[in-house]
Amino acid sequence: MGTWGSGAFDSDLAGDFTDGLGGLAPQQIISSLEGALRRVAESGPCLDGGDEAEAVAAAALVAAQIPGSKVVVSPEHRPDEPLPQLPTSLHALAREALHRVLGDGSELAMGWGDNGDATEWRQEVQLILHALG
């Protein structure tokens, strides 16, 4: 997995996930976002880092649609077509997934270690979490 920054979309896995949303019907996009979030929110005690990277990207896309959100998704990180109106039920699922990503058993969090980049990554995830309510 290539990672070049601490942002929600700064990895190959997150980029592949968002690229995969391109050309999908609105309901398929919603299902893809829900699936990415659910895989992490409902997983066992040990999390898969790839699933977590997708969940963080999905949560950022969900959070960016909330009015007044400080989460901004740049054009190169989102599908070419605007996302459909997302159900508010995804907010709670995204929060649950992000709490798992920040908690014990998170392969993604462990991969960041305890350096400045890890702090930036945690702040990014916390920003998304805050936007989700």
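Odds and ends about this structure:
- A simple spin-label model places the labels of Asp80 and His130 3.5 nm from each other, with each point 7 Å out along Cα-to-Cβ.
- In order along the stretch 6-17, phi translates into HN-Hα couplings of 9, x, 4, 10, 8, 8, 4, 5, 5, x, 4, 5 Hz, rounded to whole numbers, per the Karplus curve 6.51 cos²θ - 1.76 cosθ + 1.60 with θ = phi - 60° and x for Gly and Pro.
- Between Glu120 and Lys70, the simple label model (points 7 Å from Cα in the Cβ direction) yields a spacing of 1.7 nm.
- Contour excess over end-to-end distance, with Cα ends at Gln27 and Ala92 and 0.36 nm allotted per residue: 21.5 nm
- Taking every protein chain into account, the 1.4 Å probe leaves His77 with about 50 Å² of accessible area, to the nearest ten.
- Probe 1.4 Å, protein heavy atoms only - accessible area per residue of the stretch 44-101 in square angstrom: 49 Å²
- Note, ³J(HN,Hα) from phi for the stretch 100-108, Karplus 6.51, -1.76, 1.60, rounded to Hz, x at Gly and Pro: 5, 4, 8, x, 5, x, 7, 5, 5
- Accessible-area composition of the chain, carbon plus sulfur, in percent [1.4 Å probe]: 50 percent
- Structure-based [θ]222 nm, the chain - -39500 (n - 2.57) summed over DSSP H runs of at least 4, per residue, nearest 500: -18000 deg cm²/dmol
- Going through (i) 0.95; (ii) 1.19; (iii) 1.11, the figure that equals Cα Rg over 2.2 N^0.38 Å as computed for the structure here is (i).
- Helix 26-41 and the longest principal axis of the C-alpha atoms of the chain enclose an angle of approximately 20°.
- Contact order relative to length of the chain, as percent, for alpha carbon pairs under 8 angstrom and 6 or more apart: 32 percent
The values are calculated or read from the model by the stated rules, or taken from the named source; none is laboratory data. Source: prediction; values computed, not measured. Virtual Cβ from ideal backbone geometry, glycine too; neighbours counted across all protein chains shown. All accessible areas refer to the heavy atoms of the entire protein, side chains included, with ligands and DNA or RNA removed. Shrake-Rupley method; radii C 1.70, N 1.55, O 1.52, S 1.80 Å.
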